[in-house]
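Structure record follows, encoded as structure tokens.
The values are calculated or read from the model by the stated rules, or taken from the named source; none is laboratory data. All figures in this text were calculated on a predicted structure; none of them were measured in a lab. Cβ: placed from backbone, ideal geometry, glycine included. Neighbour counts: every protein chain shown.
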Amino acid sequence: MTSSSPVIETMESKRSRKSESDWRLFLRLVPYARQSRRLLVLALALLVPVAVSGAIQPILIGQAISLIRQEKTTFAFLQSRPFSEAFNILVVLLLLTVAVRMVLVSTQSYAVQKVGQQITAAIRKDLFDRVTSLAVRFFDRTPVGKLITRLTSDVEALGDVFSTGAIGIVSDLFSILAIATTMFFLQWQLALMLVLMLVPVTAAIVYFQQQYRKANYKAREELSALNATLQENIIGINVVQLFRREQFNSELFRTINKRYIGEVDKTIFYDSAVSATLEWISLIAIAGVLALGGWFVMQNNFSFGILSTFILYAQRLFDPLRQLAEKFTSIQAGFTAVERITDILNEPIEIRDPEHPKSLPPARGITGGEIRFEQVSFAYKPDEYVLKNLDFTIHPGEKVALVGPTGAGKSSIIRLLCRLYEPTQGRILLDGVDVRDLPQTELRRYMGVILQDGFLFAGDVKSNITLGETYSFEEIRTAAEQTNVAQFIEQLPQGYDTQLRERGTNLSGGQKQLLAFARAAIRNPRILVLDEATASLDVGTEVLIQEALERMLAERTAIIIAHRLSTIRNVDRILVLKRGQLVESGSHEELLQQEGLYASLYKLQMLGN
């Protein structure tokens, strides 16, 4: 592991990319919100009654004060009533508005939170589907920890855009509008003073939120790097401990963590700056109401009850603004998440099923399974070709071995054949059909691939053989018996129902490889690909597997990659590769007689033995 492994996008590349407006980012979420339109309509319908109930309460409190002071501004219907009766009516009305507002706010909050969770679940599903549909090339350049951050914390932040952001902001705007309108009806001078004070506050909030957005983006990029480093160390813990890299990796992790904390501190600063600004402005507003309102009271322009109402409005006018700023913080974090998630959702799917798919022809004669490479070239990076002008044919039922030095392109041929990558030039045909014209499901079912390192999922043994497809238990057991792995499975604590840990860590490397053979056998493929498939097996187990392979290879086309040349002496043909080019072809004896590259490799191995 090196310090450059977590790929972090530079600010220069970010600036060079055309940025989208917040509104366009928000519109990307609208299709997801439509899926929960009923709850969304309910939340929006409650905006007006919630705002009105909040605006009425200060008036009722002011009326109570006017009633106590026996001022003329008291409601007309209360003036003719006894004090106790009028006061009780105001108390009941106030309690009623509090109760109604509590019910409305709770209902609205529930609806909004549920919409947010449904949107989060839908986006996470689409994001997972997108990630699993991307070509292997994408994963070659993207750290796993970065993807995990997108699927977890970024999606959660994005859900907040609706659950506590967008609807909440609209609700707060309604509250401000209702309070401002009511104030102008009561006393326009004080109302104008308070409304004008909103202008500098709004400007300050916009500035701090812009700075918060920038800092939050950097913080999430650093979090991606942090998760990538953590994931890399956990997966490679054996190497870390064997080579005593704990201290070095700890320092590397500490450096990345320090950068992350530094960016988080900036977001905290800008968030706190908004809260502090609002706190000071609200205090100034109350002081202004007391000064100007007190002068009006002394001039007998309006009553003490109305002054009390405006003091409460001065507090309530800035409360929605304070909540608005907090929700803007959530929305800014959500928009940052939208930008990062959009990068993945916009990632082109390189390997797609054709619009007009073809089907493989029925097996001809004993078997199908002809493989033809026609002038195939391939590069992982532009102008860095690992395969050059490959042109060969593997006939149905033929057993062919791929041989060559490390980096000759053997594994790349298998990846192209399975269509994990697309050829840069040329085409690959199976039984006369271009692999790009076949549905991926049919192509993958057509071939059985056994790799050197068989990957196992958490679950029981049966599910690791079937891999989600429907097979009966008899078919599973038959496949295990055909590959001579049934005895090993039956020796496990619960046999086929034995639970395997993540990556099969409770099995040995050889045992995991045995399950890979059963996994291939149950699908009865026309083409069998073995990439160092027996390298992890001990001698006794390898003998059993070789017997099973003889049965599996019968009447099937096979491609075998093996570095131990002694294991491929009996194949029909050997293709020798060097630097991505086919340099020799023939049987074992024919290649030895040519005294070429194969003969040199074989003699070196025999000398080593």
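Structure summary
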| item | result |
| --- | --- |
| Pairs where the first residue, in segment 302-317, is over 13 Å from residue 193 (Cβ atoms) and the second is among the aliphatic types (A, V, I, L, M) and outside any helix (DSSP H, G or I), C-beta under 9 Å, 6+ apart | none |
| Flag for residue 219 being in contact with an Asp or Glu (Cβ under 9 Å, 6 or more places away or on another chain), in a helix (DSSP H, G or I) and either outside the structural domain of residue 151 (by TED's automatic domain parsing) or closer than 18 Å to residue 157 by Cβ (or both) | yes |
| Residue tally, condition under 23 Å from residue 505 (Cβ atoms) and among the aromatic types (Phe, Trp, Tyr), over segment 235-252 | 1 |
| Filter result (outside any strand (DSSP E or B), among the β-branched types (Val, Ile, Thr) and within 29 Å of residue 589 (Cα to Cα)) within segment 365-424 | 366, 367, 406, 413, 414 |
| Residue in segment 77-93 that is of a type in the set (Gly, Ala, Ser) and either touching a residue at least 24 places away in the same chain (Cβ under 8 Å) or closer than 20 Å to residue 338 by Cβ (or both) present | no |
| Output for segment 77-92, where each listed residue is modelled with pLDDT under 75 and of a type outside the set (A, V, I, L, M, F, W, C) | 79, 80 |
| Unique residue being more than 23 Å from residue 167 (Cα to Cα), in the same structural domain as residue 256 (by TED's automatic domain parsing) and modelled with pLDDT of 75 or more when the list is 63, 70, 57 | 63 |
| Filtered residue count, segment 552-609, keeping only those that are in contact (Cβ under 8 Å) with a residue 12 or more places away in the chain, among the small types (Gly, Ala, Ser) and more than 29 Å from residue 522 (Cβ to Cβ) | 6 |
| Residue among 106, 66, 84 that alone is among the polar types (S, T, N, Q), part of a helix (DSSP H, G or I) and under 19 Å from residue 323 (Cβ atoms) | 106 |
| Only one of 404, 432 that is farther than 17 Å from residue 359 by Cα and of a type in the set (Gly, Ala, Ser) | 404 |
| Qualifying residue in segment 498-506 (condition: within 28 Å of residue 561 (Cβ to Cβ), among the β-branched types (Val, Ile, Thr) and not in a helix (DSSP H, G or I)) | yes |
| Breaking point among (1) of a type outside the set (Gly, Ala, Ser); (2) in contact (Cβ under 8 Å) with a residue 60 or more places away in the chain; (3) over 30 Å from residue 385 (Cα atoms), for residue 546 | (2) |
| Number of the condition not met by residue 514 [criteria: (1) assigned to a helix (DSSP H, G or I); (2) surrounded by fewer than 16 Cβ atoms within 10 Å (Cβ to Cβ); (3) within 43 Å of the chain's Cα centre (by Cα)] | (2) |
| Any hit, segment 441-454, residues being among the small types (Gly, Ala, Ser), surrounded by fewer than 17 Cβ atoms within 10 Å (Cβ to Cβ), more than 17 Å from residue 368 (Cα to Cα) and within 26 Å of the chain's Cα centre (by Cα) | no |
| Checklist (1) buried (at least 16 other Cβ atoms within 10 Å of the Cβ); (2) closer than 30 Å to residue 292 by Cα applied to residue 202, failing item | (1) |
| Test: residue 106 is small (Gly, Ala, Ser), farther than 30 Å from residue 154 by Cβ and surrounded by fewer than 19 Cβ atoms within 10 Å (Cβ to Cβ) | no |
| Residue within segment 187-198 that is modelled with pLDDT under 80 and within 22 Å of residue 267 (Cβ to Cβ) present | no |
| Test for residue 101: is it in the same structural domain as residue 174 (by TED's automatic domain parsing), modelled with pLDDT of 80 or more and buried (at least 18 other Cβ atoms within 10 Å of the Cβ) | yes |
| Residues being surrounded by 12 or more Cβ atoms within 10 Å (Cβ to Cβ) and in a helix (DSSP H, G or I) - total across segment 238-254 | 7 |
| Total residues in segment 499-525, condition farther than 27 Å from residue 556 by Cβ and at pLDDT 85 or above | 1 |
| Which numbered condition residue 396 misses (of (1) of a type outside the set (Lys, Arg); (2) modelled with pLDDT of 85 or more; (3) within 29 Å of residue 601 (Cα to Cα); (4) in contact with a helix residue (DSSP H, G or I) (Cβ under 9 Å, 6 or more places away or on another chain)) | (4) |
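Residue-by-condition table, conditions (1) modelled with pLDDT of 85 or more; (2) farther than 11 Å from residue 522 by Cβ; (3) among the small types (Gly, Ala, Ser); (4) in a helix (DSSP H, G or I):
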site: 445; (1), (2), (3), (4): no, yes, no, yes
site: 454; (1), (2), (3), (4): no, yes, yes, no
site: 457; (1), (2), (3), (4): no, yes, no, no
site: 462; (1), (2), (3), (4): yes, no, no, yes
site: 468; (1), (2), (3), (4): no, yes, yes, no
site: 477; (1), (2), (3), (4): yes, no, no, yes
site: 484; (1), (2), (3), (4): no, yes, no, no
site: 487; (1), (2), (3), (4): no, yes, no, yes
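Here is a yes/no grid of residues against (1) at pLDDT 80 or above; (2) loosely packed, with under 13 Cβ neighbours inside 10 Å; (3) aromatic (Phe, Trp, Tyr):
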position: 547; (1), (2), (3): no, yes, no
position: 567; (1), (2), (3): no, no, no
position: 577; (1), (2), (3): yes, no, no
position: 582; (1), (2), (3): yes, no, no
position: 603; (1), (2), (3): yes, no, no
